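Readers should treat all values here as calculations from the given coordinates under stated rules, not as data from a laboratory. Since this is a predicted model, take the numbers as computed values, not measurements. When we count neighbours, we look across all protein chains shown, and the Cβ atoms used for this are built from the backbone with ideal geometry, even at glycine.
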Amino acid sequence: MAQIEILNKDGKSVGKHSVAEAIASAEPAMAVLHRAVVTEEANSRQGTQCAKTRSEVSGGGRKPYKQKKTGNARQGSTRSPHYAHGAMALAVKPRDYDKDLNKKERRAAIKGALNAHLNAGNVILVDKIAFDAPKTKDAAALLKSLGVQDVRRVLIVLPEIDAITYKSFRNLPNVVVRTAPSRAEGAKTNTFSTRDVLVAHKVIIAADAMKRIEEFWA
C-alpha cells in the first residue's frame with residue numbers, strides 16, 4: 001500500500017497516510033482520460049454561436065445588375081457569401097455540444113489521473129488548509145513553505161467550500177481551488193475534475209479532503 005507524508009502549514013512532516021489501494025493501483029488509461037477531458041470541455045461550451053444565412057440577412061432583394069452584356073459574372077444578390085456584408089456560407093447555428101461519460105469511465109479517469117500524480121510525486125498532503133482571515137499573503141506563505149510558490153499550475157483540494165480559503169487564493173493566478181466530492185444531499189460543491197488534475201503540475205490535498213476522496217471513489 002502506497003504511503004504519502006502529511007505536512008503541516010510549515011512544510012514539516014507530521015505523519016504518514018496510506019493511500020487507498022483502489023487509487024494507488026489504478027492504471028491510467030490514455031483513451032479513458034482523453035474521453036473524460038473531451039467530455040468535460042464539450043459540456044462547458046455554451047453552444048450559442050449564431051450566424052445568418054442568405055435567407056436571414058437583410059438587403060439584396062434585387063439583382064445588382066442585368067444578367068447579360070455587362071462583362072461581369074452573373075449575380076442574383078449582393079448578399080451572397082462572397083460579397084461584403086453578405087451572408088455566411090454554411091452558417092453556424094446554436095447547438096448542444098453535450099457528451100455523455102458513463103460512471104465507470106468517469107471513476108476510472110479520475111483515479112487514473114490521481115495515481116499518475118502520486119507516482120510522479122506531485123501530490124502534497126497537508127493536515128489542514130485554513131486561514132483566520134482572507135489574506136493573499138497567508139496563502140502565498142503556505143505555498144512557499146510547501147515549496148510550490150514557483151509552480152506554474154497548482155490544484156488545491158479542500159474537504160468542503162470555504163469562502164475564506166477561496167478568497168485567500170483567489171488573487172494567485174497559478175492556483176485553482178476545488179473541493180472533494182460529497183455525498184451530502186443538497187451540498188453545494190465545486191468538485192475537482194479529471195482535467196483539473198491532469199493540467200496541474202502539483203496537487204495539494206487537505207487530509208480531510210483525501211479521506212472524502214477515498215470514501216467516494218475508492
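Calculation over all alpha carbon pairs of the chain in 10 angstrom steps from 0 returns a P(r) of 7, 26, 25, 13, 9, 9, 7, 4, 1, 0 percent.
Out of all DSSP beta bridges in the chain, what portion is antiparallel? Express it as a percent rounded to 5.
On the way: 5 of 21 bridges.
Roughly 25 percent of the beta bridges in the chain run antiparallel, per DSSP.
Apply 1/(1 + (r/R0)^6) to the Cβ-Cβ distance of Ala133 and Glu5, taking R0 = 22 Å, and write down the FRET efficiency to the nearest 0.05. Write down the numbers at each step before the final one.
Numbers: r = 28 Å, r/R0 = 1.29.
According to the calculation, E is roughly 0.20.
Under conditions of 25 °C and 0.890 mPa s, segment 46-96 yields 198 µm² s⁻¹ as its translational diffusion coefficient, taking Rh as the Kirkwood radius over Cα pairs in the Stokes-Einstein equation.
Here the Karplus curve 6.51 cos²θ - 1.76 cosθ + 1.60, taken at θ = phi - 60°, turns the phi angles of segment 205-216 into couplings of 10, 6, 4, 5, 5, 5, 4, 5, 4, 5, 5, 7 Hz, with x standing for Gly and Pro.
Hey, what D do you get for segment 135-218 in µm²/s if you plug the Kirkwood alpha-carbon radius into Stokes-Einstein at 20 °C and 1.002 mPa s? Could you put the intermediate results ahead of the total?
On the way: Rh = 13.2 Å.
Calculated translational D: 163 µm²/s.
Which value in deg cm²/dmol, rounded to the nearest 500, describes the helix-derived mean residue ellipticity at 222 nm for the chain, given -39,500 (n - 2.57) per DSSP H run of n ≥ 4 and division by the residue count?
Values: 7 runs with 70 residues, N = 218.
About -9500 deg cm²/dmol.
Could you calculate the FRET efficiency of Arg183 with Ala29 from 1/(1 + (r/R0)^6), where r is the beta carbon distance between them and R0 is 30 Å, rounded to 0.05? Working shown, then result.
Numbers: r = 26 Å, r/R0 = 0.86.
According to the calculation, E is roughly 0.70.
On C-alpha positions alone, give me the angle between the axis of helix 136-145 and the longest principal axis of the chain, in degrees, nearest 10. Around 60 degrees separate the two axes. What the phi angles of segment 194-199 give under the Karplus curve with 6.51, -1.76 and 1.60, with θ = phi - 60°, is a coupling list of 4, 5, 4, 6, 5, 7 Hz, glycine and proline written as x.
Return a whole-number percent for the relative contact order of segment 46-96, with Cα pairs under 8 Å and 6 or more residues apart as the contact set. Don't skip to the end; give the middle numbers.
Working: 69 pairs, mean separation 25.9, N = 51.
It rounds to 51 percent for segment 46-96.
For a Förster distance of 35 Å, can you work out the FRET efficiency between the beta-carbons of Ala84 and Thr191, rounded to the nearest 0.05? Using R0 = 35 Å, I get an efficiency of 0.10. For Ile6, the residues whose amide H sits under 5 Å from its own are Val14, Gly15, Lys16, His17, ignoring neighbours fewer than 5 places away on the same chain, with H placed 1.01 Å from N.
Peptides 140-150, 66-76, ordered by how many other C-beta atoms sit within 10 Å of their residues on average, highest first, read 140-150, 66-76.
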